[in-house]
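Peer 1: Could you have a look at this structure, given as structure tokens, before my questions?
Read the figures in this text as sums done on the coordinates, not as results from a lab. These figures come from a predicted structure and were not determined experimentally. In this analysis, Cβ positions are derived from the backbone assuming ideal geometry, glycine residues included, and neighbour counts consider all displayed protein chains.
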Amino acid sequence: MPDQARVTSLEALEDFRAKLILYREKAGRVLDEVSDDVIRTRVWLESDRQTHFQNDIRRLTRELEQRQQELFSAELSGLLEASVVQRAAVQKARRAIQSAEGKLQVVRQWQRQFDQRVEVPARQVEKLRHNLSHDLGSAVNWLNEMTQTLAAYAELSLGSVTPPQTEGQAPSSNSPAKSDAAPAP
């Protein structure tokens, strides 16, 4: 029969089943980490980064106002060298505000696009999680049943290889004949 399996080691099946269980557990932990990273990234974008750059813009705006006040004071006092330094400080503060505003815009853009960009890979992660829990769970159960079935079959096969002899049954021709009678003199 071409559909017959040639199982030579039940231990190999049991070892494979154990490794499959370990793989399922490790892969499940990795998928949990991925899901946690997605949630952490969303929270980071929505609260941490947005708040950070908004606070940064407020701080830099106050700093710009202070630099402008210093420039105005330097111009009123008529100090040319001081006003050049103060103008550079005002320009530096304006560039810092523009940079922070640009970063805030990028964060807002990512907030709007986050679900669209993450939705497809997140669905794939959930499909893989389903496969790990459902399909590999079924495979582990099937391997367990198969190992038990093969072990029971092996016990039956070993028992039928050497059938027990009953009383009055002649010894087989392959084995030497034993005689209870004493040899003739």
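Peer 1: Straight-line reach from K103: which aspartates and glutamates fall under 18 Å, measuring Cα to Cα and dropping same-chain residues less than 8 apart?
Peer 2: E46, D48, D56
Peer 1: Assign unit charges at the C-beta atoms only (+1 for Lys and Arg, -1 for Asp and Glu), then state the dipole size of the stretch 20-139 relative to its Cα centre in Debye, rounded to the nearest 20. Walk me through the intermediate numbers first.
Peer 2: Details: 21 positive and 18 negative charges, 38 e Å.
Roughly 180 debye for the stretch 20-139.
Peer 1: Which order results if L76, L71, L10 are arranged by neighbouring Cβ count within 10 Å, fewest first?
Peer 2: Values: L76 9, L71 19, L10 15.
Neighbour counts put them in this order, fewest first: L76, L10, L71.
Peer 1: Considering the zone a paramagnetic label at A122 would reach in this model (a point 7 Å from Cα along the Cα-to-Cβ line), which residues of the stretch 33-48 have amide N under 14 Å from it?
Peer 2: 34-46
Peer 1: Hey, another quick one. Each residue of the stretch 86-101 in turn: what ³J(HN,Hα) in whole Hz from Karplus with 6.51, -1.76, 1.60 and θ = phi - 60°, glycine and Pro shown as x?
Peer 2: 5, 5, 5, 5, 5, 5, 4, 5, 5, 4, 5, 5, 4, 5, 5, 5
Peer 1: Place a point 7 Å from Cα of T61 in the direction of its Cβ. Which residues in the stretch 71-103 have their backbone N less than 17 Å from it?
Peer 2: 93-103
Peer 1: Which is farthest toward the positive dipole end of the stretch 1-151 among Q113, S35, N141, measuring Cα position about the Cα centre, with Cβ charges +1 (Lys, Arg) and -1 (Asp, Glu)?
Peer 2: Result: Q113.
Peer 1: Still on this structure, please answer the following. Taking N as the number of residues in the stretch 10-157, what is its Cα Rg relative to 2.2 N^0.38 Å?
Peer 2: Numbers: Rg = 31.1 Å, N = 148, 2.2 N^0.38 = 14.7 Å.
That works out to 2.11 for the stretch 10-157.
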